[in-house]
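Engineer: Pasting a structure below so you can have a look.
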Amino acid sequence: MYKSIIIITLLLITFIYASLFFVQEGQNGIVLRFGKVVRSNNNNPLVYNPGMHWKIPFIEDVKVIDTRINTTENQADRFVTMEKKDLIIDSYIKWRVNNLSKYYLSTGGDITKAEILIKRKFSDRLRSELGKLDVRSIVTDFRNKLMNNVKNSLNYGVTDNIYSAKIIKTNNSSMSMLGIKIIDVRIKQINLPIEVFDAIYKRMRAERESVARRHRSQGKEEAEKIRAIADYQVTRIISEAKKQSSIIKGIADAKIIKIYAQSFSKDPDFYDFIKRLKIYRNSFKNNKNIMVLNSQDSFFKFINEFK
């Protein structure tokens, strides 16, 4: 009797345990009956919100799927721009599940498989959009527009023309077919490949050296002009100074001669005497001087007078 009650109790507990399932916060659950998604009368999949729920034990199985926003990091990959230039772009994607039935059918509820599909479609769409832009547009003005285009293309299969308001349909199937909604896509970093970076660096260096040579050449030309102007100014100033000096000296000599003439004209004999004394002094200044003159010569006029 007691054994039967115990067995019945254990079976009841097992049945209840097998019938109950819990969905945690941030998750949703779908029930699979013989491997197929259980649907309502409207043919919509039955989605179970967070909380405690019931299922038919041993017949139905529950698949719990995380519906929170997930972040998928993309490895840095090489892309080609409109100018046929390579860029290494590092990016990430934020997404969440918005249709559990489609998500389960397309991925089996495996988040790894979902990320592989998302990365593949994102890479294709980003590659297509980058092929329409040059490097300057990618890193400046159209970057946000580019990200919105990629997101809209993944979600709805449409994109805006970068340079106009025209809506363009893409050939890529949208992520809604996978039961996924892309919340945001972002480029974290844009780098140049090593070989391109080196080539650009060498080109920039050559351009800067060319500019430096041009500036040096222009500087030398300007320096020669300044030196020529300065030399001309110096020559002109010196010539003008010499001219003024000569004029002043001429005026001074004229005044001296005038003063001498006025002074010595008052006593010509005294002037003649002074002048001859200077001549004597200059003539006999050196003891080695020898002059052969007639003693009656006028040179000895005053000397003969003192004999």
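Engineer: How many of the residues making up the stretch 251-268 are in a helix (DSSP H, G or I), of a type outside the set (Gly, Ala, Ser) and modelled with pLDDT under 80? Break it down into steps so the answer makes sense when it comes.
Structural biologist: Our first condition is that a residue be in a helix (DSSP H, G or I); within the stretch 251-268, this holds for 251-264, 268.
With of a type outside the set (Gly, Ala, Ser) added as a condition, the list becomes 251, 253, 255-260, 262, 264, 268.
Those left that are additionally modelled with pLDDT under 80: 260, 262, 264, 268.
Final tally of qualifying residues: 4.
Engineer: Mind listing whichever residues of the stretch 164-175 are surrounded by 11 or more Cβ atoms within 10 Å (Cβ to Cβ) and either modelled with pLDDT of 80 or more or closer than 14 Å to Leu146 by Cα (or both)?
Structural biologist: Just the residues of the stretch 164-175 that are surrounded by 11 or more Cβ atoms within 10 Å (Cβ to Cβ), to begin with: 167-168, 170, 172-175.
Within the stretch 164-175, Ile167, Ile168, Met175 meet the criteria.
Engineer: Now a separate question. Do you know which of the residues in the stretch 99-143 that are closer than 16 Å to Asn74 by Cα and of a type in the set (D, E, K, R) is surrounded by the fewest Cβ atoms within 10 Å (Cβ to Cβ)?
Structural biologist: Here the answer is Arg120.
Engineer: Here is a further query. When residues of the stretch 134-163 are filtered for being at pLDDT 80 or above and not in a helix (DSSP H, G or I), how many remain?
Structural biologist: Going residue by residue through the stretch 134-163, those that are at pLDDT 80 or above are 145-156.
Narrowing the set further to residues that are not in a helix (DSSP H, G or I) leaves none.
Of the residues in that region, 0 qualify.
The values are calculated or read from the model by the stated rules, or taken from the named source; none is laboratory data. All values reported here derive from a predicted model rather than from experimental measurement. Glycine gets a Cβ as well: all are built from the backbone with ideal geometry, and neighbour counts include every protein chain shown.
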